[in-house]
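The values are calculated or read from the model by the stated rules, or taken from the named source; none is laboratory data. Please read all numbers here as calculations on a predicted model, not as lab measurements. A quick note on method: Cβ atoms are made from the backbone with ideal geometry, for glycine too, and the neighbour counts reach across all protein chains shown. These accessible areas exclude ligands, DNA and RNA; they are computed on the full protein's heavy atoms, side chains included. Shrake-Rupley method; radii C 1.70, N 1.55, O 1.52, S 1.80 Å.
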Amino acid sequence: MAHLRPIRALGTGALIVVAACGGDAPDRPELPPLAVSSDVPFCQSVAQAVNAYHAEQSAAHPRPADPRYGGTVVVAGGGDFRGGLNALTTGDQTDQETELHLLHVTLTRFAADRTPEPYLAESWTLEDDGSGITFRLRDDVMWHDGQPVTAEDVVFTYRRAMDPATGFLNVGWFQFYDADAVEALDDHTVRFAFTPHAEVMDPFSNMAIMPQHLLGDVPPAEMGGHPFGTDCPVGAGPYVFEAYRPGDQWVLRANPAFPEDLGGRPFLDRYVYRVIPSSSTRAGELAAGGVDVALGLEPVDAEAVAARDGVRLAAFDSRSFSFIGWNPRLPGLSDVRVRRALTMALDREALLETLRGEYGTRVETGVPDFHWAYDPDLQGPPHDPEGARAMLDEAGWTDRDGDGVRENQAGDELRFDLVTNSNTERETIARIMADELGDVGVAFDLQVVDNQTLGARLGNPTNRDFGSFILGFAPDFNINERDFFHSSSDATGYGWSALNDPELDRLLDTLPRIRDRDQARPLWAEYQQRIVELQPYTYLFFSQRLNGLNADLAGVEMDLRGELINVPAWYWNPETN
Amino acid sequence: MQSVARHQRGGVGLSVFLPGAPQILAGRVAEGLLALMPWLSAILLLVLRADLVSSQLGEGSTVGRASMALLAAAGLAWAWSLRDVSTPPEAGAGQGAWVRIVRDPWAGIGLAILLFFAGLSLLGPPLLLPEDPGRTQTTEEGFLPPSMDHPMGTDNAKSDVFERFLDGARVTLGIGLLAGLGGALIGVTLGAWAGFTGGWVDRVVMRCVDFFIALPKLVLLIALAALYDLGPVTLALFIAFVQWPALARIVRAEAVALAQREFVHALRAFGVSERRILFRHVLPNAQGVILVGTALAVANALLIEAGLSFLGLGLDSASWGRLIKDGGALFPHWWVGGFAGMSLVLVVVALNLVADAVRDVFDPRADVTV
Amino acid sequence: MRSPLLEIRNLGVEVPVPGGGAAAAVDGVDLSVAHGERVGLVGESGAGKSLTTLALPNLLPPGVRIRPGSSVRLDGRELVGAPTRDLRAVRGKRVALVFQDPTHALNPALTVGSQIREVLLVHRGLRGGEARAETLRLLSEVGLPDPARTAADPPHRLSGGMRQRACIALALAGEPDLLVADEPTTALDVTVQARILDLLVHLSEARGLALLLVSHDLAVVSRTCHRVAVMYAGRVVEKGPVKAVLERPLHPYTRALLAARPRLTGPRTLPAPIAGSIPAPSAWPTGCRFHPRCPDALDRCRREAPPWVGLSPHRATCWLHWEPGGGAS
Amino acid sequence: MLSYAIRRLAVAVVLAFGVATVCFALVWFAPGDERSDLLLSGRGAVVDTGPEPGLVEAYGDWVGSLLRGDLGTSERSGNVARWLLARLPHTLALSVSGLVLAVVFGVGVGVLQAARAGTVLDRLLTLGTVVAYSAPAFWVGILLGGAFIHKPMELGMEPLFPLTGVAPPGGATSLLDYIPYLVLPALTLGIVLGAGIARYTRAAMLEALAQDYVRSARARGLSEMRVLFRHGLRTALLPLISLLGVYLPVLLTGAVFVETVFSRTGIGLAMMEAILGQDLQVLMGGALMFGFAAVVGNLIADLLYGWADPRIGDAVRG
C-alpha cells in the first residue's frame, strides 16, 4: 500500500543526486513545499505567511546529509483533537502533548529526572522569598510565520489562561498568582509574581506559549471555537502545522528553522497523526504497516502486537488513572455510606485483573506510588458485597417493592446515570458494574458519549446533571486536587465531585503552600486517608500506557513525562531495511 | 402416493425412538423437525442436566416450569408422530394452503429454525444456565474459546458468551417480533382501509407511504435513537413505525384489486356493511400477502434492532447486535460475535424462506419486496 | 417436380401432464409445403396447430419435446435433432414465424427499426446505412405508410394492424423461404384482418414465398391458401385443395367447422356450434378422437382409429367414408 | 417527457421539504432543554436573551437558513455543512462503487439463474442470495474483514487490504492507490444490495423470458445471448431502475454501517461521532444530507425510468 514509509537508506550520500540517478540507494524524497490552505478568512493570510516562511527557511536550512533525516512517521491515536491545537482551549492528553512537544514551545521542559530544564527560557531566577520568578527568553525562536517569539507572547498566553472567560481548564495552576501576575520586563524577559507556594515550576513546562500577534484580538470567550486551532494553528515548536482532515488526521511538517540548541530540525520530515478509534484496529494497522506508532493499546491488543515481528511494544508507567466519580449533589450519592458501599460492592482487584492484567496497579487515591507523597500504608475499602448491603440498609436504602432495586423512604430508587466515553475498557467496566452493583440492589442508566463531550458534560459548573461517570485522569507531577474536592471547586471545571468537607478543605488549603516536602509528607498521608474515608471517587487503577512501535523507528523515548516528549529525535533506523 | 408407502413401512418403529423422523423421510421436513426438535432437546437436557431437572421438576420455579414445558412438548411430539404414521393420510386429499406451506421443505427448515430459536430463548436461560438469568457469569479467564464449560467461550470481560447470547436472543427476537407485528398491524390496517375505501383516504395514505418509502429510514431511526431515551416498547414502536409503509402498499394493492371483484359488489348488494366486507371478506383473501409482508417486516425489524445495538444505540441490555459489536473484528476471538452474527442471519433467512414459501403457495406471481 | 420445401412426417410433440409423464399433443402429423405454396392449417384451439408450427424450428417451451421418430425436413435437410446452432441458422433465415398477437411479439423496449436491424445484422450481416435503408424498404414493402417514422417508434405507438405489418417485415428481414403465420389476424380488427391477409398473399406471390397459415377460421384459409389441412386433437383429419375441402368436406369435423362459420353472404343463419370441446391430450379418446362429438359416430369409430379415405389430393380419416377394399389410392 | 420530469421534480421538492420537516420535528420534540435552543442557535450565536420563540417562528427560521445552504454551526465541529461536505467524497465513493458492484453482481447472478432456471446451480444461487439478502451489512463487513484482513493477520501474514477505509495524506496519489481502501467496503454493500437485485432480476427475467416477444426473438434465429441480454434483460431491467430509487436509502443506510465497520471517515461515521459527541447539529445535518440524497436519488431513478421506458413518457403525454 502506498504509504510514505521510507525505504531505509543503505548508505549515505547526497540524497538528491542519488534520487535523481534513480539508484537503489536511500530514497527519501524531499517533500513538496508546505502548502497550508484554508477558506477561512482569518487563516488565509496566516497560511500564506507560514508557507512563505517555511519555503524560505527550507531553502536556508537544507536537510542535512545525515541518513537519519527524512521520512514520515504515522502515529495513530483514538481521538481527534477537536478543539484544535490551541493550548488555551485544549484539555485532552494527546493533543496537549502534541502542543507541548511538537507544535508549540513551553518556557521550560522536564528533563528525565522530572526537574525543569531550559527551553524557550534560557535561564530563570526564582526570588528567594518565593514570591516571584523571572525568565530570560531565547531570542532565536520564531513563530512559524516568521515573527519572533517575545515576552509579549508569554504575557499574553498566561493572562489569557488566567482569565476565567477563556475557560482554560487548568486555571487552578494559578491559584496563588496575583491578579496582574505576569509582566514583560523587556522583549525577552518575563516576571511572574505570586504568593509563595509549593512546586512553582510545574506550570511552566505544561503551558504552551501562544502567538499574541495572531490571537491578541480574539476575545477570550471566542477562543474555544476559533479557527486558529483547527485551520491554521501557528506555533514556534519543532513541527509546523500542514493539514487537518476533520475526524481523520493531522499532518505536521518539520520546522527547518528550529534553533540548533533546542535540537534543530527534527529528523522526520513529516509527522502524521491518524484518528483510529478502535484499539484493535490501531494494533492491526501497526501490524499491517499502515501506521508506525499505535498509541494507547488495550492489553489484549498490546499482547498481540508484542508477538509480531517488526513491531515492538513500549509499556511504561503513565500518570493516568481510571476512576468512577460520584456526583455528591444527588440525594443518594451525597451520603458517604452509599459511596463507600458502592466501592465495596465492586471487586476492584478482579476488575484490574480482567481489564489490565499485568499492565496496571491498584490505587486508592489520586496520589500514585511513584509520587514522593505516596502513603504506602494506605488501606482502601475492601471488596465486601455483604458489608455494602448492610451499609446501604443502614443508610436507609432498602428494596421496598421487591424489584431488586433499593428505595429510600420516599420511594425513590437508588438509580443514577452513568456517563462514560466510548472505549472498550470503560464500557466493559460499566458492564461489570451493572452486575456487581445490581447484586447489592443499585441500578444505573448508562450513557456513552465521546471523550470531548464527556469532558464538556462534566466540566460545566452550571449544569451537573450526571450521577456518576467513569473517567481517566492524568495529573501533573505536582498533585493539587483542590480543583476536584475543595468545597469552593463546586463552581470550577474539575469540581465534578466537589465535597463539602471542612477537614478536606483544610488539607487542600494547606498542602499547596508547604514548600518543604518533609514537612508536607504527614499531611499528605492524612489527606489520602481522608479521601479513602470520603470516597468521592471509587479509584480503580493506574494504567501502564501501552504503545506499539514499528521496530525500525529509533530514538523513541516514552515515559511518565509523556509519549511524544522527544518526537523531533525519532528517526528511521538507517541500519535496517 | 409414494410418501404413503414410505410412511407406513417401518414408520411406527422409527417413531417410537425418533418421533418426526418418518415424516422427514417422507419429505415433510417441517412437521418432522417440529416434532423431532423438542424430543431431542428433552433427551439432551435429561442427559446433561438430569440432576437439575429432577430436583426442580414440579417445583414452581422457572427451571421447573421450563422443564415441564419441554417434557410436555416432547411427549406431545411423540404421541403425534405415532398417531400420524399409523393413520395413512387420505391420498391426494385437498391440501389447504397451510398444509402446503408446512410441507414445503424450505419453509419447513425455516419454521424449524424459528422454533429452535424461540425455544432456546424461552427455555434456554432457566434450563441451560447455572445461575439466575440477568447476572452475567464471571469466569476465570477472558477470551476462552468455546468449550464444554462455556459453549460459546468467554469475552473480554470474562463473561460467558452463551449467557449473553441467550439474553440477547430474547431482546433481539422479542423486539424484532414486537416491532414487526406492530408494523404489520399498522400497515395492514392502513393499506386495507386506503385500498378498500379509495378516494381521498387512499390518496393521502399512499402519499404518506411514498414519502416514508423514499426516506432513509434507518438513518432517521439512528437520529431518533440518539435523541430519545428508548425503552424496549418505545424502541419497538419506533421500528414498527418505519415498517408499515411497505406493507401498507402491498396490502392496498391487494385490497384495490379485491374491491373491484364481483363478489364484493354482490355483498354490497346484499346490504352487508362495508366494515364487515373489509374484515370478513377482503382481508382474508389477502392473507397471503399479509403473511409474507409480516414475515418480512419481522425480519427487517430484527435487522434494524441488531443494527441499532451494533451502533451502540439500542437498549442498554444485551442484544445480538451488541454482542457483534463487542466481538469487533472477527479474529482472533471469533466466538464473541460470531454466534450472534450467524444466528441473526439464520433467523432472518428462516423468515425469508417461510415468506417465499407462503408467497409461492398463495400467489406465485406476486413480488413482494419490503 | 421439385421436392417439397417443407416436409413433416409423423410429427409428434409431447407435453408434460400435471400428474407426471407426458402426452402427445401432436400425434403423427404429416404435412408438406412446396416452394411458393400457401397451405392452411385449421382447427379449434387445442388441436395442436401451434405446437406443430413451433416444432418446426424447435421453439417449443421448456418441458415440451418432439417425439422420437418425428421428421421435419426443410429442403430435404432433417431439422429434428439438429444442433441448436443449425436450427438458429434456419430460424428467421429460412423459416420465419409470425405470431398471433403483434402486441406481445415485439419487444416493447426497443424501436421497431432496431429490432429489424438486429435481424438484418444477424442473418444478412447488414449494418449501418445499408441496414437502415433495408429496414425502410422492408417497412414500406409491408405497406407501412411512413417507414422512417415507424422505424424510430417503439411498438406501443403503432396500431394493432401496423404492429402486425411490422412483425411481417421482421419476418421478411431474413429473406426466408417459408413464412409460418400462426393466427396472424386473430388479434386484429375485422377490417384490418383482410388487409393483412391480402398482404401475405401479395408477399407470397411477389417473393415466391411459401406460407403456412395457421387459423381456426376456414374463411381465412379459403381466401388465402392453395391447400388446407384440418387438425383435430393432435392429428390431421382432412387435407386437400382449399376449394375441394370447402365445397365437399369429407370429415364430420370439417363439416362442423364450416357450419360454425358465420356467413357474410347467403342466408343469415346462426352458426351451428360444435357441441363440446377438444379434450386434453392426456385424455384423448380411443378410436376416432372426434367420436364423442361426432353426430354420426359409428360403433367402430369408438374402437379403431380411422384410415385415410378419399382420392388424393383430397383425403380424410373417417370410417364414414371407408369402403372395405377401397380406400387409399 | 418534460411534463413528466416537471411533475417528478415537484414531487421531489415536496419530499425534500418533508424530510427537512421530519428532521426538525425530531429535534424539536426530543426531550432535553438545550435541543430546541440548538436549532435556534443554528447560526452560531447563542440565544440567551429574549422570549422563547414559538414552534412556528423557529421552524420558519430554520427552513430559511436551510434554504441558504446553512446547516448551522456546532460548537464542536464548526460549520456543519463544511464539516460534512469535507467527508462527502468518502461516502460518495463508497455508495457509487457499492451500487455499481451491486448491479453487476445482482444482474449477473439473476440472469445466470434465469438462464439456468430449475438447475442445481439455480437452486444453490437462490439459497446464496437468500442468505446474503438476510445478512445485515455490518455483519457482512465483519465477515469480509475477518476473511481478508484479520484471519491472514492472525496467521502472521500481511492483510490483503488496508484495515481502515481511507488513505493517509500522500498515501494515495492516484485513483488506483485509492482502490484497495475501497474494495472491502464496496464489496460489502455490493453483496448485500446485490442479493436483493439478484432475487429481483431472476424473477423479472423469468417473467420476461416467458413473454411472446422473447419467443419471437428466438424465432428470428437470434443467439441465446442476444435473446437473454437484449430482449430478456432489457425489459426486466426497466423496473430495476425504479427499484434502484427504492434501494438508494438502503444504500445510504448501509454506508453508515460499512463506514463504522471499516472506519471510513464518511458522513455515516461523522454521524456516529456526532452521536457520541452529542453534536446535534451534525447529527441532524447528516440525517438531512442522507434524506436529500435519497430524494435526489429517487428523482434520478424516476427520470431515468421515464427516459429508458418510452411508454412512460407517452403515457404522461397521452
- prompt: Any idea how many residues of the range B:276-323 are part of a loop (DSSP other than H, G, I, E, B), surrounded by fewer than 24 Cβ atoms within 10 Å (Cβ to Cβ) and among the small types (Gly, Ala, Ser)?
  reply: 2
message: Scan the range C:114-124 and tell me whether some residue there is open to solvent by 10 Å² or more (accessible area, probe 1.4 Å) and either within 30 Å of C:ALA219 (Cβ to Cβ) or part of a loop (DSSP other than H, G, I, E, B) (or both).
response: no
query: C:LEU60 is checked against (1) modelled with pLDDT of 90 or more; (2) under 21 Å from C:ALA280 (Cβ atoms) and fails just one. What number does that condition carry?
result: (1)
- line: Within the range A:231-248, of all residues that are more than 21 Å from A:GLU30 (Cα to Cα) and out of contact with any Ser or Thr (no Cβ under 9 Å at 6 or more places or on another chain), the one surrounded by the most Cβ atoms within 10 Å (Cβ to Cβ) is A:PRO233
message: Looking for something of a type in the set (Phe, Trp, Tyr) and not assigned by TED's automatic domain parsing to the domain that holds D:GLY196 - is there at least one such residue anywhere in the range D:50-73?
response: yes
- prompt: Quick one: how many residues across the range B:1-40 are outside any helix (DSSP H, G or I), modelled with pLDDT of 75 or more and open to solvent by 30 Å² or more (accessible area, probe 1.4 Å)?
  reply: 1
task: Go over the candidates D:PRO136, D:PRO89, D:PRO152 one by one and state the one that is in the same structural domain as D:PHE290 (by TED's automatic domain parsing) and farther than 29 Å from D:MET284 by Cα.
output: D:PRO152
- request: Give A:PRO299, A:PRO227, A:PRO328 a once-over and let me know the one that is touching a Gly at 6+ places or on another chain (Cβ under 6 Å) and touching a residue at least 60 places away in the same chain (Cβ under 8 Å).
  value: A:PRO299
- prompt: Has the range D:147-162 got any residue that is open to solvent by 20 Å² or more (accessible area, probe 1.4 Å), under 26 Å from the mean Cα position of the chain (by Cα) and over 26 Å from A:VAL305 (Cβ atoms)?
  reply: no
query: Counting only residues that are within 13 Å of another protein chain (Cβ to nearest Cβ) and open to solvent by 10 Å² or more (accessible area, probe 1.4 Å), how many does the range C:57-73 have?
result: 7
message: Looking only at residues that are of a type outside the set (A, V, I, L, M, F, W, C) and over 16 Å from C:HIS104 (Cβ atoms) in the range C:166-183, which one is nearest to the other protein chains (Cβ to nearest Cβ)?
response: C:GLY174
statement: Considering residues that are farther than 14 Å from A:LEU120 by Cβ, in a strand (DSSP E or B) and open to solvent by 10 Å² or more (accessible area, probe 1.4 Å), the number found within the range A:173-217 is 9
task: Tell me, yes or no, whether the range D:13-33 has at least one residue that is more than 11 Å from chain B (Cβ to nearest Cβ), modelled with pLDDT under 60 and open to solvent by 90 Å² or more (accessible area, probe 1.4 Å).
output: yes
- prompt: Just a yes or no: is a residue in the range A:103-116 in a helix (DSSP H, G or I) and on the phi < 0 side of the Ramachandran plot?
  reply: yes
Selection status of D:ALA270, modelled with pLDDT of 85 or more, surrounded by 21 or more Cβ atoms within 10 Å (Cβ to Cβ), within 10 Å of another protein chain (Cβ to nearest Cβ) and within 16 Å of C:ALA109 (Cβ to Cβ): no
query: How many residues are surrounded by 23 or more Cβ atoms within 10 Å (Cβ to Cβ) and under 28 Å from A:ASP450 (Cβ atoms) if we restrict to the range A:255-274?
result: 4
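Residues checked against (1) of a type in the set (Asp, Glu); (2) modelled with pLDDT under 80; (3) part of a loop (DSSP other than H, G, I, E, B); (4) more than 30 Å from D:THR164 (Cα to Cα):
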{"position": "D:ALA45", "(1), (2), (3), (4)": "no, yes, yes, yes"}
{"position": "D:LEU84", "(1), (2), (3), (4)": "no, no, no, no"}
{"position": "D:SER95", "(1), (2), (3), (4)": "no, no, no, no"}
{"position": "D:ALA117", "(1), (2), (3), (4)": "no, no, yes, yes"}
{"position": "D:LEU127", "(1), (2), (3), (4)": "no, no, no, yes"}
field: Every residue from the range A:62-99 that is modelled with pLDDT under 90, among the acidic types (Asp, Glu) and in contact with a Gly (Cβ under 6 Å, 6 or more places away or on another chain)
entry: A:ASP80
- line: Checked D:LEU94, D:LEU85 against criteria (surrounded by 20 or more Cβ atoms within 10 Å (Cβ to Cβ), closer than 30 Å to D:GLY194 by Cα and under 21 Å from the mean Cα position of the chain (by Cα)); the one match is D:LEU94
- request: Would you check if there is a residue in the range D:197-212 being part of a helix (DSSP H, G or I), over 20 Å from C:GLY125 (Cβ atoms) and at the interface with chain C (Cβ under 8 Å from one of its Cβ atoms)?
  value: yes
query: If we scan the range C:135-147, do we find a residue that is within 12 Å of chain D (Cβ to nearest Cβ) and either open to solvent by 30 Å² or more (accessible area, probe 1.4 Å) or not small (Gly, Ala, Ser) (or both)?
result: no
query: Does A:ALA520 satisfy the condition of being more than 26 Å from A:ASP301 (Cα to Cα), over 24 Å from the mean Cα position of the chain (by Cα) and touching a residue at least 24 places away in the same chain (Cβ under 8 Å)?
result: yes
field: Residues that are open to solvent by less than 50 Å² (accessible area, probe 1.4 Å) and within 11 Å of chain D (Cβ to nearest Cβ), drawn from the range C:148-162
entry: C:ASP153, C:PRO154, C:PRO155
